[in-house]
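Asker: Dropping the structure in here first, questions after.
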Amino acid sequence: MAKPLEVDQQWLERIADQVSGLNYGSVTITVHDGRIVQIDRTERTRYDGPSQRPSESKLRESKPLSDALRIVQ
């Protein structure tokens, strides 16, 4: 039989914090042995309107994506 879920005020506040301000996305709550152990928030961004492809001359002028991104450790 499953253990009853233990949820205290601190976890309720953490869940509410993750859900607040979320327009599109999901909040996943991970439970182990009847206790919440993790909260994951996945936020989606939706763009209204059609995407516009830049002209070929603009593509040639722009830097490669690898130049624009860098890994921070």
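No lab work stands behind these numbers, since they all come straight from the coordinates. This structure is a prediction, so every number in the text was calculated from the model and none was measured. For neighbour counting, all protein chains shown are included, and Cβ atoms are generated from backbone atoms with ideal geometry for every residue, glycine included.
Asker: By the scheme Lys and Arg +1, Asp and Glu -1, what is the net charge of all other residues having a beta-carbon under 14 Å from that of Glu6?
Answerer: Around Glu6, the charge tally is +1.
Asker: Using a 10 Å cut-off around each Cβ, can you sort Asp33, Asp17 from fewest to most neighbouring Cβ atoms?
Answerer: Asp33, Asp17
Asker: A further question on this structure: What's the extension gain from Leu12 to Arg46 if we count 0.36 nm per residue and subtract their Cα-Cα distance?
Answerer: Between Leu12 and Arg46, full extension yields an extra 9.5 nm.
Asker: Determine, for each peptide in 43-50, 19-26, the mean count of other beta carbons within 10 angstrom over its residues, then list the peptides with the highest first. Spell out each step's value before the answer.
Answerer: Details: 43-50: 6.9, 19-26: 10.1.
Packing proxy ranking, top to bottom: 19-26, 43-50.
Asker: Between Ile36 and residues 5 or more places away or on another chain, which pairs have amide H atoms under 5 Å apart, with H built 1.01 Å from N, and which residues are they?
Answerer: For Ile36, whose amide H was placed from the backbone, the distant partners under 5 Å are Glu6.
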